[in-house]
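Undergrad: Sharing a structure below in structure tokens format, with a few things to ask.
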Amino acid sequence: MAGAAHCSLQAKRLLLDPKFEGYKLSLEPLACYQLGLDAAVAEVQLRDDQYTLDHMRAFGMYNYLHLDSWYQDNVYYVDQFGRVMNLSVTLDTALQKPREVFRLPADLTASDNRLCASMHFSSSTWVTLSDGTGRLYLIKSGKRGSSASEKWEIVFNEELGSPFIIAHSVSFVKSDAHSLAVLLLRVEKDELDTKGSGFHVTLEWVTIAERKVGDQRYEIVKRRVLQGKSVPHYAAIEPSGDGLMIVSHKPFTFMQNESDKLEENDDGKVSNEKKDPLYYWQQTEDDVTITVHLPQDITKDDIKIQFCPDNICVTLKDQPPLMEGKLYSSVDHESCTWVIREDKSLEIFLIKKNEGSRWPELIIGDTRGEFIVDSSQCSEIAESLMHLTSEVMNPNPEKENPPCNAQELEECDAFLEDGASLCRFDGDTLKVTHIINLGSNQYLFSVVVNPREMPCFCLRHDVDALLWQPHSDQPENMWEHIATFNALGYVQASKQDKKFMACAPDYSYAALCECLRRVFIYRQPTPLATVLYNRKEGRQVGQVAKQLVATLEANDPILGFQATSERLFVLTTKTLFLIKVNSGN
């Protein structure tokens, strides 16, 4: 991932509440409606050869209920007869039975090697659909949610190899032609993996475009495959179809065809010949020194160096810049100097604005230089870290500041996947352009706030849950913190049986459900109509956040879970439940 910009997520302090006191259990009744299904949901059980954790995450925990974010309170599911069923809600007290909008042409029960049927709503009039056998359908639906205008018509269908589920899709116009990009998820046998699970995960990025001539209206114009060793938590194509963002525990890389491999081998040979670093740099607490070896014919007049508070640009003669980019930290640019040494080397001196800070890199994203560590600095660093290490486990637990004891950590503070990362891939170069190491920011769920933007993802930050909106068209603000669910990161960790999590697109509440019956709802803090005092501190409480619990009258496991601004939809094998959370305006 050389060349990728290492970024970080910047939380908005105004959206954080350090004085949040927790959720108060509310006994207020929740209106719950249920609809019996004419036919059971087309649930597919894992086979004996689908035994890994990746199979369970991808297919065993699949959400069989699909929310159409383009239309309010509009959900779909596929039943055992291959019918795509729709429920569109306008009034809870006048619910109608789910209606059939489409029937899959293939017999779902005929294939032994199939996955669950999956779908994604690419736009307000386009749907991508898979029958779980390896066939992809591109459907023009008309305006959905209305029986008068909704008519599903197949405009493209093709067998694309082994079975897959649709992870995401987008509809866009490029070069005056309508196109759709679809992301297909597979867990496949890996014959070369003898030490691991024996499987790998692939994401196939398929682009289908409109044809101007010929009988077939749409055709596949591009197929690209990424491969990794874990099922992605989040995978979405940018609205323009130009890039892809993935949150995963283990990294994904594009699988290249033979011509690409030959080109890369040639590039590799060239890069091996140019192994020497372009420059060397070292630092103290106050300054940074850069050394560049100059060609013989370069004189002082040929060198142009531009110092800025956050940037540097070094140019020799009329050539492209030798060094250019954003510095890791600010410098006092008016005090920066340079000099040519007798050995024909250029030395550049940068004065740090923030004294005492250590820079892990010189120019952000530039890997062409080599950092030289001074031996005295090594001993200083080792000495400063000495108090954190010991040859004895917890040598003096009774002293005032004892070493950290892992046994004191609560179970919900332990993360199984500390190495998760967020990567942005460029669709043309197939390289990673941005990467964020998420560390202990555990992934929780994703939600579509605006269907014209990429899905948001929710991460745990300390005890809170922060919602992030990707903006692929804003390089300077690619991931925006848009909402916070106070203490939800901590609360959800204690729910051992949780299966799905979601939140309202207007952030008014978050919810999670267990495998059976129980649904937990966490409202945002709201002002109180009456006066309430904190007894311990003797002060008035201005607002309170409520937790509500709903218990469903069903013995079947929960198969689907979706949240809208007004209500929750919960799908079991034979019943669809609606829980009214907020009253409409």
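Undergrad: Among all residue pairs at least 6 apart or on different chains, which show Cβ distances below 6 Å where the first residue, located in segment 41-66, is more than 26 Å from THR564 (Cα to Cα) and the second is open to solvent by less than 60 Å² (accessible area, probe 1.4 Å) and hydroxyl-bearing (Ser, Thr, Tyr)?
TA: THR52/SER197
Undergrad: Sticking with this structure for a sec: Just to be sure, is ALA58 of a type in the set (A, V, I, L, M), in a loop (DSSP other than H, G, I, E, B) and open to solvent by less than 20 Å² (accessible area, probe 1.4 Å)?
TA: No, not satisfied.
Undergrad: Here is a follow-up. Applying the selection to segment 279-330, what residues are among the charged types (D, E, K, R), surrounded by fewer than 16 Cβ atoms within 10 Å (Cβ to Cβ) and touching a Leu at 6+ places or on another chain (Cβ under 9 Å)?
TA: Across segment 279-330, the qualifying residues are ASP302, LYS304, ASP310.
Undergrad: How about segment 462-486: which of its residues are part of a strand (DSSP E or B) and open to solvent by 40 Å² or more (accessible area, probe 1.4 Å)?
TA: Of everything in segment 462-486, just one residue is part of a strand (DSSP E or B) and open to solvent by 40 Å² or more (accessible area, probe 1.4 Å), namely GLU480.
Undergrad: While we're on this one: Out of SER472, SER446, SER440, which single residue is modelled with pLDDT of 95 or more and polar (S, T, N, Q)?
TA: Criteria check complete, one pass: SER446.
Undergrad: Report yes if ILE435 is hydrophobic (A, V, I, L, M, F, W, C), in a strand (DSSP E or B) and open to solvent by 30 Å² or more (accessible area, probe 1.4 Å), otherwise no.
TA: Against the criterion (hydrophobic (A, V, I, L, M, F, W, C), in a strand (DSSP E or B) and open to solvent by 30 Å² or more (accessible area, probe 1.4 Å)), ILE435 does not qualify.
Per-residue answers, yes or no, for (1) at positive phi; (2) of a type in the set (A, V, I, L, M, F, W, C); (3) part of a loop (DSSP other than H, G, I, E, B):
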| residue | (1), (2), (3) |
| --- | --- |
| ASP17 | no, no, yes |
| GLN34 | no, no, no |
| ASP54 | no, no, no |
| TYR62 | no, no, yes |
| VAL75 | no, yes, no |
| MET85 | no, yes, no |
| VAL101 | no, yes, no |
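Undergrad: Of the conditions (1) open to solvent by 10 Å² or more (accessible area, probe 1.4 Å); (2) over 17 Å from the mean Cα position of the chain (by Cα); (3) over 23 Å from GLN543 (Cβ atoms), PRO451 fails just one. Which one is it?
TA: The single condition PRO451 does not satisfy is (2).
Undergrad: Restricting to segment 14-55, and then to whatever is of a type in the set (Gly, Ala, Ser) and within 19 Å of LEU571 (Cβ to Cβ), can you tell me which residue is surrounded by the fewest Cβ atoms within 10 Å (Cβ to Cβ)?
TA: So, considering only residues that are of a type in the set (Gly, Ala, Ser) and within 19 Å of LEU571 (Cβ to Cβ), the one surrounded by the fewest Cβ atoms within 10 Å (Cβ to Cβ) is GLY36.
Undergrad: Name every residue in segment 474-521 that is of a type in the set (S, T, N, Q) and either within 16 Å of the chain's Cα centre (by Cα) or more than 18 Å from LEU578 (Cβ to Cβ) (or both), in order of residue number.
TA: Those that are of a type in the set (S, T, N, Q) and either within 16 Å of the chain's Cα centre (by Cα) or more than 18 Å from LEU578 (Cβ to Cβ) (or both): GLN474, ASN477, THR484, ASN486, GLN492, SER494, GLN496.
Undergrad: Is it fair to say GLU150 is of a type in the set (Asp, Glu), closer than 18 Å to TYR77 by Cβ and either surrounded by 19 or more Cβ atoms within 10 Å (Cβ to Cβ) or out of contact with any His (no Cβ under 9 Å at 6 or more places or on another chain) (or both)?
TA: Taking the combined requirement at face value, the residue satisfies it.
Undergrad: If GLU100 passes every condition in (1) open to solvent by less than 20 Å² (accessible area, probe 1.4 Å); (2) charged (D, E, K, R); (3) touching a Lys or Arg at 6+ places or on another chain (Cβ under 6 Å) but one, which one does it miss?
TA: The single condition GLU100 does not satisfy is (1).
Undergrad: When the residues of segment 109-138 are narrowed to those that are in a loop (DSSP other than H, G, I, E, B) and open to solvent by less than 20 Å² (accessible area, probe 1.4 Å), which ends up farthest from GLU43 (Cα to Cα)?
TA: Restricting to residues being in a loop (DSSP other than H, G, I, E, B) and open to solvent by less than 20 Å² (accessible area, probe 1.4 Å), the top hit is SER123.
Undergrad: Please verify whether VAL206 is more than 16 Å from HIS249 (Cα to Cα), aliphatic (A, V, I, L, M) and under 21 Å from the mean Cα position of the chain (by Cα), treating the condition exactly as stated.
TA: So VAL206 fits the description; yes.
Undergrad: Please give the number of the condition ALA106 fails out of (1) within 30 Å of LYS151 (Cβ to Cβ); (2) assigned to a loop (DSSP other than H, G, I, E, B); (3) open to solvent by less than 30 Å² (accessible area, probe 1.4 Å).
TA: (3)
Undergrad: Then there is this: Somewhere in segment 37-46, is a residue over 30 Å from ILE436 (Cα atoms) and in contact with a His (Cβ under 9 Å, 6 or more places away or on another chain)?
TA: Among the residues of segment 37-46, at least one is over 30 Å from ILE436 (Cα atoms) and in contact with a His (Cβ under 9 Å, 6 or more places away or on another chain), which makes the answer yes.
The values are calculated or read from the model by the stated rules, or taken from the named source; none is laboratory data. Being a predicted model, the structure only gives us computed values, none of them experimental. All Cβ positions, even for glycine, are placed from backbone atoms using ideal geometry, and neighbour counts span all protein chains on display. In case anyone asks, the SASA skips ligands and DNA or RNA and just uses the protein heavy atoms, side chains included. Shrake-Rupley method; radii C 1.70, N 1.55, O 1.52, S 1.80 Å.
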